[in-house]
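Below you'll find the structure, written out as structure tokens, and then a few comments.
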Amino acid sequence: MLIQNKSPYIAHVFVCTNDRGGARKSCVDGNSQLVKATLKAAVEAKGWKGKVRVSTSGCLGVCGEGPNVMIYPQKFWFSGVTPDDVDAILSAIERLMSEA
């Protein structure tokens, strides 16, 4: 039986870790796995676990602009993300947390 629920998260962060094996540019080529790990650790350190979810995403369709990170349901999209950009993404999440 299908049950529709409201998301339990204030923000759900998807980090593309698509790997095309060198055939074409993909998000994993830009160290997106480190971006995800860094975001996940920071969310836990800030005590946001249970309110913010960081998940791996497959291809989001714009690998040429990647690595890509999106936040839902707010529809925030970040492209060309590096591990150095994690603080800016965390700031965006923090603003969302304060509005919730």
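Just need the relative contact order of the chain here, percent rounded to a whole number, with Cα pairs under 8 Å and 6+ apart. Computed value for the chain: 35 percent relative contact order.
In this calculation the C-beta distance from Thr82 to Arg24 is compared with R0 = 22 Å, giving a FRET efficiency of 0.65.
In terms of packing, defined here as the mean over residues of other Cβ atoms within 10 angstrom, the peptides 87-96, 19-28 line up highest first as 87-96, 19-28. Report the calculated FRET efficiency for Lys49 and Gln4 (r = Cβ-Cβ distance, R0 = 25 Å), to the nearest 0.05. It comes out at approximately 0.55. Solvent-accessible area per residue in the chain equals 61 Å², computed with a 1.4 angstrom probe and all protein chains kept. When peptides 39-45, 4-10 are ranked by their average number of other Cβ atoms within 10 Å per residue, the highest-first order is 39-45, 4-10. Computed over protein heavy atoms with a 1.4 Å probe, the carbon and sulfur contribution to the accessible area of the chain reaches 51%.
What separates the Cα centres of the range 1-44 and the range 84-100 is a distance of 16 Å.
The values are calculated or read from the model by the stated rules, or taken from the named source; none is laboratory data. A quick note: this is a predicted structure, and the numbers were derived from the prediction, not measured. Every residue, glycine among them, receives a Cβ derived from its backbone with ideal geometry; neighbour counts consider all protein chains shown. Ligands, DNA and RNA are excluded from the accessible area calculation, which covers all protein heavy atoms including side chains. Shrake-Rupley method; radii C 1.70, N 1.55, O 1.52, S 1.80 Å.
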